[in-house]
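Inspection log for the structure reproduced underneath, given as structure tokens.
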Amino acid sequence: MKKKALTMISMVTALSMTACSTAPNTAATSSTAVSEETQASEKASEAASASGKYTPGTYTGESEGHGGTVKVTADFTEDAISNVSLDLSVETESIGQAASETLVKEIMDAQSADIDAVSGATETTDAVKRALQSAIDHASGTDKSASAEKAALKDGTYTESASSFGFTGDMVGEVTIADGKIKDIKITEETDSATGQWFKTAEANLIPRIIEAQSIGVDAISGATSSSGAIKKIVAEAIDEAGGKSDEWYNAPEKSTETVKLDGYDVIVVGLGGSGLLSYCAAAKSGAKVFGIEQAAAIGGNSASVYGPMAINSKNLAKKYNDGKDYIDADDVYKTWIDYVGTDEKADVIRKAVDESGPALDYYMDNFDFEFDGMEGGLIGSFVRTDWDKEWTVYTADENNTKWYVLGPDHTFQFTRALDKAKAMNEKNDYMLELKGDELITDENDNVIGVRCTYYDGTTYEVYGKSVILATGGFIGNEDMMKEYLGHSATVIGDMLAKGDGIKMGQSVGGTTYAMGTLPMIHISQVPHVIRTDDLTADQKAILSALAVTTDAPEITIEGEKWGGDDASGTDASTGLTVGIAYAPGFMYYTVWSQDDIDTIRTKGLSETTSKAIVNFVGNGGELPEAGTPVEDIDKILKVGEDFNDVLSGTPAELADKMGVDVSKLADSLGTTADSTDKFYLVACSGWSYGTVGSLNIDANMNVLKEDGTPIENLFAVGQDSEGVCNADGKAYSPWGGQAQSWTFVSGKIAGENAAKLAK
Ligand SMILES: Cc1cc2nc3c(=O)[nH]c(=O)nc-3n(C[C@H](O)[C@H](O)[C@H](O)COP(=O)(O)OP(=O)(O)OC[C@H]3O[C@@H](n4cnc5c(N)ncnc54)[C@H](O)[C@@H]3O)c2cc1C
């Protein structure tokens, strides 16, 4: 058996490797693939028809999910699927990956791809269904290759909708089919743009690629995976409505295998978010020839979504908003900061972070037209020190300060204006979007001489230059690194492209890290899975959020321990600053509601405190009822919350089982006994993180440091890739207000100027 099985597996692997075109959305569409594939499927169909409905063996199918390609591997006997495993590692951990167990159970029960979608994980479910169908087609010898005749489409314009990133409504689009082809795709309604610029990048780049390839198997647009997924869903629905089979339209265009060399640069910047493009500007202004590498289809990164930077005594802002006088005691900020991190190991860098905060802003205001008049009075108070009433500032928004996202001013126009100005400073200067920096190129003496990158179409780019600045935004989007350094991944608000690439590149040439255990930036609390479907109304969703974020209920951790309250958990003893949920295990906790509490809410409504809870940070735009207004549909709200993994309910024993914790410890935290039959409801409150802080170790010149503390002369790190040096392991991100954004200006200016100096 073993020998035969091996050949089978090697054949299947070969098949899945080369002829995944039988599986929807696969690369291998070349002619050779087809012949192997036809041979294989002919052999399989012969075998299948000879005995059971399948040719026993292991078959793998692939398809495009929310975050990339998902894989389904199924073992078949002659008549059944005997085992199935899913590789959903590209999907969001708390959504797609969390659906894995349910999907496997459904597949084994249904013994087919005809399974129900898991609530909130429709895109993942659809991809698993397509991939499984491809494996089934293989096992049953049914030819579904890209070359196979697709079902004909009826010409017409079809209006479809799909839930997307937006919190307050679905995306709606019109797809025109003409002569059996996808002729046009128009998005007529979307709410993604309320949160940022990313939908526009999907609309501008993905739609032409779908039409050109006549396929929905093209890659999602980097930085806009949700919007891309929704657009693809709309086209798939239209194909099905036009009489086609959308599963047949997932063949992936062939990737380029070319290599392009670009050289002669003084400074290469990896990542054109805030700190990267500010580095680019400073290097160009200092006379360097600069090349910028950006993975997403637009510049700005998470910096495009921020309110603004800390601004310690900017001369320009002082002149405009404080009669030209300094407006904050920099020494007090410096001393408080050193006390907070509890060491003076990086005192020289923190001194710069304070003293250069204002001057760096002035430099970019004077030389690259940055504006910070977003808020009345220009300067606003610190989050934590009320006496620092002029501590940070806010970007001026586009269109005369009128264009705001839910989370901040739309200020990308300022980034574009600055980058274009810097690019024009030398005819050699350039940058590329949808280009991912993969690794540093070194010479025979291990000196850094460039960056190897991959373009969205598969082309390899090798960019050569005298120095490299790493600005890839930290590692919040890398679940393995999050678990390694912080024990848990986090719920993320912002783009997930910050996958720790810069930190890994720095380490690959001997760079070390600093304070990787600093807790992630968290300013927003909300249920971990925002419900985007119409299973609940916006007002009902607001009530669910209020039950999660209210301070009017006991709290327990994911480990079943009591949390919050006046035992000072979450309070930093050295400064007395409350830093809250970032300290909770898994950066989340549950609010606890007894059956009596829920009965009271049903008949007497929410408490004063809960009815005033702040629920619209990443909320669905719903209104909370007045305190005392009966909430008759509270059971439905909790039931749907449970479907979306925002609520757990049951007796202490049942809850302990669901949470994987000790029942007596949990019962104690619930104030009852382990054998109690009372029902409790636990509503998840998650800290939504902006990003990580732990980073590469750098000196005050922004040079990456080796184990022995010596600098790698031509390697720099900025922004979140170096912000660890201003923070401390086990502590929340320094909470003054706007500190991270200020660091993009300070670190960007210093690194850009030093890298340019090096090239001279
Ligand atoms: C919604 C939101 C609001 C925020 N508000 C504030 C605020 O008001 N004030 C504040 O101080 N901070 C705020 N922050 C924190 C903010 O992230 C930091 O202040 C700062 O923007 C980080 O800048 P950065 O340059 O390190 O990262 P980013 O601006 O995210 O830039 C990183 C860039 O690197 C690119 N990239 C990643 N990997 C690669 C690769 N391998 N190859 C090529 N390119 C790559 C990314 O696509 C991105 O463009 C907020 C964050 C979020 C998400």
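The values are calculated or read from the model by the stated rules, or taken from the named source; none is laboratory data. Note that the structure is a prediction, hence the values are computed from the model and not measured. Note: ideal-geometry Cβ built from the backbone for every residue, glycine included; neighbour counts use all protein chains shown. Ligands, DNA and RNA are excluded from the accessible area calculation, which covers all protein heavy atoms including side chains. Shrake-Rupley method; radii C 1.70, N 1.55, O 1.52, S 1.80 Å.
So here's what we get for this one:
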item: Mean Cα-pair separation over length for the range 170-284, i.e. relative contact order, pairs under 8 Å, 6 or more apart, %; result: 20 percent
item: Å² per residue, accessible surface of the range 522-689 at 1.4 Å; result: 43 Å²
item: MRE, 222 nm, helices only [DSSP H, n ≥ 4, -39500 (n - 2.57), over the chain, to nearest 500]; result: -10500 deg cm²/dmol
item: Solvent accessible area, Å² - Ile95, 1.4 Å probe, full protein context; result: 60 Å²
item: Shape category assigned to the range 522-689 from the gyration tensor of Cα positions, a/c cut at 1.5; result: oblate
item: Using θ = phi - 60° and Karplus 6.51 cos²θ - 1.76 cosθ + 1.60, couplings along the range 110-115 (whole Hz; Gly, Pro as x); result: 7, 6, 6, 8, 7, 10
item: Carbon + sulfur, % of accessible area of the chain - ligands and nucleic acids excluded, 1.4 Å; result: 50 percent
item: Pairwise centroid distance, computed over Cα atoms, of the range 620-691 with the range 211-272, Å; result: 40 Å
item: Relative contact order for the range 522-689, counting Cα pairs under 8 Å that sit 6 or more residues apart, in percent; result: 35 percent
item: Candidate aspartates and glutamates - alpha carbon under 18 Å from Lys183, same-chain residues fewer than 8 apart omitted; result: Asp155, Glu160, Glu174, Glu203, Glu212, Glu237, Asp240, Glu241, Glu248
item: Percentage relative contact order, the range 361-494, counting C-alpha pairs under 8 Å, at least six apart; result: 11 percent
item: Karplus (6.51, -1.76, 1.60) ³J(HN,Hα), θ = phi - 60°, over the range 672-687, in Hz, Gly and Pro reported as x; result: 9, 10, 4, 9, 5, 9, 5, 9, 10, 10, 10, 9, 6, 10, 10, x
item: Global form of the range 70-199, assessed from the alpha-carbon gyration tensor, a/c cut-off 1.5; result: oblate
item: Computed magnitude of the charge dipole of the range 156-249 (debye, nearest 20; Cβ of K, R +1, Cβ of D, E -1); result: 220 debye
item: Accessible area of Asp179 in the full protein assembly, 1.4 Å probe (Å², nearest 10); result: 130 Å²
item: For the range 207-218, Karplus couplings with θ = phi - 60° (6.51, -1.76, 1.60), whole Hz, Gly/Pro x; result: 4, x, 6, 5, 5, 5, 7, 6, 8, 9, x, 5
item: In nm, spacing of pseudo-spin labels at Asp263 and Tyr405 (7 Å Cα→C-beta vector); result: 3.9 nm
item: Extended-chain gain in nm, criterion 0.36 nm per residue less alpha-carbon gap, Ser112 and Lys636; result: 185.5 nm
item: Gained length - Lys325 relative to Asp457, 0.36 nm times residue gap less alpha-carbon distance; result: 42.2 nm
item: Sites Asp678 and Ser82 - FRET efficiency at Förster radius 45 Å, r taken between beta-carbons, to 0.05; result: 0.60
item: Separation of the Asp662 and Glu439 label points, Cα + 7 Å toward Cβ, nm; result: 4.7 nm
item: Per residue accessible area of the range 156-249, 1.4 Å probe, in Å²; result: 36 Å²
item: 5 angstrom amide H check on Tyr405, placed H, neighbours 5+ away; result: Asp410
item: For the chain: rounded, prolate or oblate by the Cα gyration tensor [a/c cutoff 1.5]; result: oblate
item: Fraction of beta bridges assigned by DSSP in the chain that are antiparallel (%, nearest 5); result: 75 percent
item: Net lengthening on full extension, Glu174/Lys255 (0.36 nm per residue, minus Cα-Cα); result: 26.3 nm
item: 5 angstrom amide H check on Tyr514, placed H, neighbours 5+ away; result: Ser695, Leu696, Asn697
item: Under 5 Å, built H, 5+ apart or other chain: amide partners of Ala717; result: Leu470, Val704
item: About the Cα centre, charge dipole magnitude for the chain (Lys/Arg +1, Asp/Glu -1 at Cβ), debye; result: 1620 debye
item: Protein-only accessible surface order, largest first, of Glu345, Glu190 at 1.4 Å; result: Glu345, Glu190
item: Selected from Phe368, Thr396, Gly381, residue furthest toward positive end of dipole (the range 344-423; charges at beta carbon); result: Phe368
